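Taking it in order: structure first as structure tokens, then the write-up.
The values are calculated or read from the model by the stated rules, or taken from the named source; none is laboratory data. All figures in this text were calculated on a predicted structure; none of them were measured in a lab. So basically every Cβ, Gly included, is an ideal-geometry build from the backbone, and we count neighbours across all protein chains shown.
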Amino acid sequence: MSTRTMLTSPLLHCDHQTSPNGKPAAQHKKYTDLRSLKPNGQLDFTDPNSVRQLTKSLLQHDFNLTVDIPEDRLCPPVPNRLNYILWIQDLLDSTSSDYRDDYDPDRDVTGLDIGTGCCCIYPLLGCAVRPRWNFVATDIDESNVRTSKEAISTNKLDSRIQAMKTDPNNELIPFKKLETKTLDFTMCNPPFYSSRDEMLASAETKERQPFSTCTGTETEMVTTGGEVAFVTRMIEESLQLRDKVTWYTSMLGKLSSVSVVVEKLIENKNHNYAVTEFVQGSKTRRWAVAWSWGDLRPAMNVARGLTGFPKHLLPFPAEYTFDITNATIDDLSDKLHTELTALAIQWNWRKNLGTGVGFAMENVWSRQARRKMHTAGAAQKGDIDEHEAALGFKVQVKQEGIDRRVRVIIRWLKGTDSVLFESFCGMLKRKLEGR
């Protein structure tokens, strides 16, 4: 579940009705530009003018972005959109080529927003929170492209965001029209519904008026086959593009769609994917799926952020943790370093940080592998190219708890073979336990 936030506006930390101190939102001086209020001074989320003004105010207050939202287009909720951007940040940060597992302020990133909408909300937010991010934004609606270009120019981001119109019958990821040969990620928020009738039927089944008024056009809310068909098109394109895009991602409006998309990925032999849930307040939930044809593994909290999801559809755990209670951290660190140094792997240990990173070309720790090393000669450490390695891992040791036990955390950084990672974790646990 995505919980990280960079928002500072008090409106986003209340329950959409009152300010943090429990008083009506209108009593807070920061809300004086919100004109559409109920008689009791609370914000009216069923009023389109109120919702538009809230979005504009949040973008200005928290991100210094000036945005105009046409009355006849979808008004993007800022918290929901930002959660998606933050998840992609975590996805990229935990799969960097230098295995740092955190934010690299010097890393240049280029993303594609498919179906950017009327105000280019995702690229604007992405550029606001990450100064070295750049975007291409596409849309099949001429009016959306025009108003997105206006938003880009108004915020002086023409050098970082390019908006273009695409044909609904052509590729979703139009590399032929792009100035770049690779992308770090794609993102999209496809229409939920497969037909106008489905959209109307969904509205009729609601027991009460929607909490937030929808002003979107049919083009923005309906696509042939619905969101599953749309993302299936993305999967099919990714099968051709492969590593030209590091991470393909999509938000989904229905939880049921997540399982279907993951099953399609597995059918196409993709086993490097991530799922998550976006929760904002108590009213809105959205979900997201990402997949990569590369072998860099995202952190477990990023890849498995969906509670209650069928276990057999969750990505393979990228972390393995166990405790050692009968050793000091210094003794265990020395033993860990000794055991891994003896293997034909690349191993870099920093005892002062209690952390090491290693790479293996194959299983070199099994009895069979050790016999092979003696009889035929195995690859030496100097022969290992980490980019070609079958397994990349990070091992960290920490002193934990009142009993001062030592916790060992093994993080899967790179590779496509989960059995190889499991085997390595089992071997290291046995060695450190003295078995």
Search result, residues across segment 140-168 that are of a type in the set (Asp, Glu) and buried (at least 17 other Cβ atoms within 10 Å of the Cβ): ASP141
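Every residue, every condition in (1) more than 24 Å from LEU252 (Cα to Cα); (2) in contact with a strand residue (DSSP E or B) (Cβ under 7 Å, 6 or more places away or on another chain); (3) at pLDDT below 95; (4) of a type in the set (Phe, Trp, Tyr), yes or no:
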position: PRO39; (1), (2), (3), (4): yes, no, yes, no
position: THR46; (1), (2), (3), (4): no, no, yes, no
position: SER57; (1), (2), (3), (4): yes, no, yes, no
position: LEU91; (1), (2), (3), (4): no, yes, no, no
position: GLY126; (1), (2), (3), (4): no, yes, no, no
Qualifying residue in segment 346-360 (condition: surrounded by fewer than 18 Cβ atoms within 10 Å (Cβ to Cβ) and closer than 17 Å to THR416 by Cα): no
In segment 86-101, the residues that are farther than 12 Å from ALA290 by Cβ, in contact (Cβ under 8 Å) with a residue 60 or more places away in the chain and within 15 Å of the chain's Cα centre (by Cα): LEU86, SER96, ASP101
Of residues in segment 58-72 being in contact (Cβ under 8 Å) with a residue 40 or more places away in the chain and outside any loop (DSSP other than H, G, I, E, B), the one surrounded by the most Cβ atoms within 10 Å (Cβ to Cβ): LEU59
Flag if ASN134 is in the same structural domain as ILE85 (by TED's automatic domain parsing), at pLDDT 95 or above, touching a Pro at 6+ places or on another chain (Cβ under 9 Å) and not charged (D, E, K, R): yes
Any hit, segment 105-112, residues being buried (at least 24 other Cβ atoms within 10 Å of the Cβ), at pLDDT 95 or above and in a strand (DSSP E or B): yes
Residues located in segment 137-177, provided they are aliphatic (A, V, I, L, M) and either touching a residue at least 60 places away in the same chain (Cβ under 8 Å) or touching a strand residue (DSSP E or B) at 6+ places or on another chain (Cβ under 6 Å) (or both): ALA137, ILE140, VAL145, ALA151, ILE152, ILE161, ALA163, MET164, LEU172, ILE173
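Of all residues in segment 125-158, which are of a type in the set (Ser, Thr, Tyr) and either under 25 Å from the mean Cα position of the chain (by Cα) or closer than 19 Å to PRO191 by Cα (or both)?
If the condition is that a residue be of a type in the set (Ser, Thr, Tyr) and either under 25 Å from the mean Cα position of the chain (by Cα) or closer than 19 Å to PRO191 by Cα (or both), then THR138, SER143, SER148 are the ones that fit.
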Yes/no for SER259 being polar (S, T, N, Q) and closer than 23 Å to ARG233 by Cα: yes
Residues located in segment 277-304, provided they are within 21 Å of GLN396 (Cβ to Cβ) and either touching an Asp or Glu at 6+ places or on another chain (Cβ under 6 Å) or basic (Lys, Arg) (or both): ARG297, MET300, VAL302, ARG304
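Does LYS269 fit the bill of being in contact with a helix residue (DSSP H, G or I) (Cβ under 7 Å, 6 or more places away or on another chain), surrounded by fewer than 18 Cβ atoms within 10 Å (Cβ to Cβ) and at pLDDT 95 or above?
no
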Filtered residues of segment 78-100 (kept if out of contact with any helix residue (DSSP H, G or I) (no Cβ under 7 Å at 6 or more places or on another chain) and outside any helix (DSSP H, G or I)): THR95, SER96, SER97, ASP98, TYR99, ARG100
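Would you mention how many residues in segment 169-210 are of a type in the set (D, E, K, R), exposed (fewer than 11 other Cβ atoms within 10 Å of the Cβ) and either part of a helix (DSSP H, G or I) or modelled with pLDDT of 95 or more (or both)?
3
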Candidate set: segment 379-425, residues that are among the small types (Gly, Ala, Ser) and within 19 Å of GLN346 (Cα to Cα); chosen: the one modelled with the lowest pLDDT: ALA379
